[in-house]
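The values are calculated or read from the model by the stated rules, or taken from the named source; none is laboratory data. All values derive from a computational prediction rather than experimental measurement. Cβ placement follows ideal geometry from the backbone for every residue including glycine, while neighbour counts extend to all protein chains displayed. Accessible surface is based on the protein model in full, side chains and every heavy atom, while ligands, DNA and RNA are left aside. Shrake-Rupley method; radii C 1.70, N 1.55, O 1.52, S 1.80 Å.
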Amino acid sequence: MNSFPLDITRIYLEPDVEEYARGREILLRFPAAERTPVASHWRIPELQDANPGDYLLAKKQALVLGVKKGLTFRPNGRSADFIAPSSSNGCAMACAYCYVARRKGHANPISTFVNIEAISAATVRHVARQGPKTVPNQVDPQAWVYDLGENGDLSVDAGISDNVRDLVALFRTLPHAKGSFATKWVNPDLLGYEPQGRTRIRMSLMPPELARLLDIRTSPVAERIAAIPELHRAGYEIHLNFSPVVLRQGWEVEWGALFTELDDVLPAAVKDQLAAEIIMLTHNRELHEVNLLWHPKAEELLWRPDIQEEKVSESGGVNLRYRTGWKGQWLRRFKDLLASHMPYCRVRYAF
Ligand code: SF4
């Protein structure tokens with residue numbers, strides 16, 4: 001088993017953090033960490049200017065504590081109905097393709113927000129405004145689903161504070177809503193949170209050989225798969241997140257083997273409620289250039305102009321996606337492969 005990916009020695013904290021109980025609790029949890037006051041969790045020069053060779057150390061040792069300002073909810077319609085205001089951003093893991101926002105620099109260690117009461121209260125108000133869900137959709141037939149972890153991985157966050165425990169507890173009390181997050185880390189602490197079916201974990205999987213190259217610092221795929229039945233028994237709804245789908249020679253063989261393994265090990269109770277989301281790789285030039293500085297082997301798989309095409313994003317960045325036409329065919333083949341091995345696994349969405 002991978003050891004916990006954090007060994008916090010430096011805490012950067014905004015001025016108001018100690019006014020919040022959660023802020024004080026976290027500081028007590030890491031008493032030996034050196035504290036550095038910062039004006040904003042977004043602007044920390046030593047993180048923004050970190051050398052690529054130091055990214056992994058910063059992810060392991062640095063923690064940022066701040067107060068979440070804009071408590072807004074964004075409609076989504078893919079992984080969830082709404083993206084909730086996040087209780088954290090950044091990640092201790094270092095997946096080479098990771099596209100979470102990196103406004104505090106590419107090392108992007110975890111920032112934990114200490115105003116969890118305000119985040120929870122805003123969620124309660126938002127859920128109340130929706131009322132019952134009357135029109136089923138692919139996200140969920142009955143509940144409004146809120147993505148709680150768009151900007152990081154909540155299984156690791158749960159090792160820093162009780163924010164995740166509090167959110168799981170909150171959704172137990174909201175009959176029209178479910179919380180949801182994708183994860184690549186196995187944290188046994190989650191087994192004691194009593195989600196009572198109101199939190200959906202989207203276990204993120206790819207063939208193990210690929211994950212060894214791309215999913216840096218995450219739990220090995222075998223551990224993630226082994227955790228699924230336990231999490232389900234503990235009361236989580238479990239979906240699968242096949243993301244990103246990275247194509248290389250022989251991809252159908254390696255994905256087919258993963259589906260076979262899942263079919264062998266997942267108990268009927270998991271299969272009965274299973275669904276999956278499938279997301280083909282999108283890469284971008286800026287990340288490619290950063291990755292070349294610290295993990296060039298990953299770029300041999302991610303940067304494939306021979307089978308990708310450029311697309312200018314809304315923000316003006318250059319994205320690379322598998323070529324139109326080919327991408328559609330590959331996605332069809334992927335879905336057919338999944339259906340032939342795991343016919344009970346509904347595909348919630350694929351793109
Ligand atoms: S686990 Fe998720 S958030 Fe963390 S580096 Fe990987 S893709 Fe990014």
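If you go through region 175-185 and pick out every residue that is crowded, with 22+ Cβ neighbours inside 10 Å and outside any strand (DSSP E or B), you end up with 2. Within region 191-223, if we keep just the residues that are open to solvent by 30 Å² or more (accessible area, probe 1.4 Å) and of a type in the set (A, V, I, L, M, F, W, C), the residue that is nearest to the ligand (Cβ to nearest atom) turns out to be ILE216.
Out of all the residues in region 70-78, is one or more aromatic (Phe, Trp, Tyr), at pLDDT 95 or above and over 14 Å from HIS41 (Cβ atoms)? The answer is yes, given that some residue of region 70-78 is aromatic (Phe, Trp, Tyr), at pLDDT 95 or above and over 14 Å from HIS41 (Cβ atoms). Checked against the criteria, ALA169 counts as more than 14 Å from the ligand (Cβ to nearest atom) and aliphatic (A, V, I, L, M).
Would you be able to tell me the number of residues in region 81-104 that are in a loop (DSSP other than H, G, I, E, B), of a type outside the set (Phe, Trp, Tyr) and closer than 15 Å to GLY152 by Cβ?
Selection size over region 81-104: 14.
Only one of these is under 20 Å from ALA350 (Cα atoms), in contact with an Asp or Glu (Cβ under 7 Å, 6 or more places away or on another chain) and basic (Lys, Arg): ARG248, ARG323. Name it.
Exactly one residue qualifies, and that residue is ARG323.
Within region 224-248, the set of residues being more than 13 Å from the ligand (Cβ to nearest atom) and charged (D, E, K, R) comprises GLU230, ARG233, GLU237, ARG248.
Selection of region 1-51 for residues being open to solvent by less than 100 Å² (accessible area, probe 1.4 Å), within 18 Å of ASN108 (Cα to Cα) and not in a loop (DSSP other than H, G, I, E, B) yields ARG10, ILE11, TYR12, LEU13, THR36, PRO45, LEU47, GLN48.
Among the residues of region 10-26, is any within 30 Å of ARG321 (Cβ to Cβ) and either modelled with pLDDT of 95 or more or within 21 Å of the chain's Cα centre (by Cα) (or both)?
No - not one qualifying residue is present in region 10-26.
Put simply, of GLY149, GLY90, GLY131, GLY159 the only residue that is within 16 Å of the ligand (Cβ to nearest atom) and either β-branched (Val, Ile, Thr) or on the phi > 0 side of the Ramachandran plot (or both) is GLY90.
Looking across region 52-77, just one residue is touching a residue at least 24 places away in the same chain (Cβ under 8 Å), part of a loop (DSSP other than H, G, I, E, B) and exposed (fewer than 15 other Cβ atoms within 10 Å of the Cβ), and that is GLY77.
This table checks each residue for (1) at pLDDT 95 or above; (2) closer than 25 Å to THR183 by Cβ; (3) part of a loop (DSSP other than H, G, I, E, B).
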residue	(1), (2), (3)
GLU252	yes, no, no
ALA257	yes, yes, no
THR260	yes, yes, no
GLN273	yes, yes, yes
VAL290	no, yes, no
GLU310	no, no, no
SER315	no, no, yes
ARG333	yes, no, no
LEU337	yes, yes, no
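With respect to the conditions (1) part of a loop (DSSP other than H, G, I, E, B); (2) modelled with pLDDT of 95 or more, SER155 falls short on a single one, namely (1).
A single entry from LEU281, LEU293 fulfils the requirement of being farther than 18 Å from GLN138 by Cα and open to solvent by 70 Å² or more (accessible area, probe 1.4 Å): LEU293. For VAL265, are the conditions met, namely being touching a residue at least 40 places away in the same chain (Cβ under 8 Å), out of contact with any Leu (no Cβ under 7 Å at 6 or more places or on another chain) and open to solvent by less than 30 Å² (accessible area, probe 1.4 Å)? Here the answer is no, as VAL265 does not meet what is asked.
Keeping to region 226-240, report how many residues are open to solvent by less than 10 Å² (accessible area, probe 1.4 Å) and touching a strand residue (DSSP E or B) at 6+ places or on another chain (Cβ under 7 Å).
5
Hey, ASN137 hits all of (1) open to solvent by less than 50 Å² (accessible area, probe 1.4 Å); (2) away from the ligand (no atom under 16 Å from the Cβ); (3) in contact (Cβ under 8 Å) with a residue 40 or more places away in the chain but one; which does it fall short on? Going through the list (1) open to solvent by less than 50 Å² (accessible area, probe 1.4 Å); (2) away from the ligand (no atom under 16 Å from the Cβ); (3) in contact (Cβ under 8 Å) with a residue 40 or more places away in the chain, ASN137 breaks only (1).
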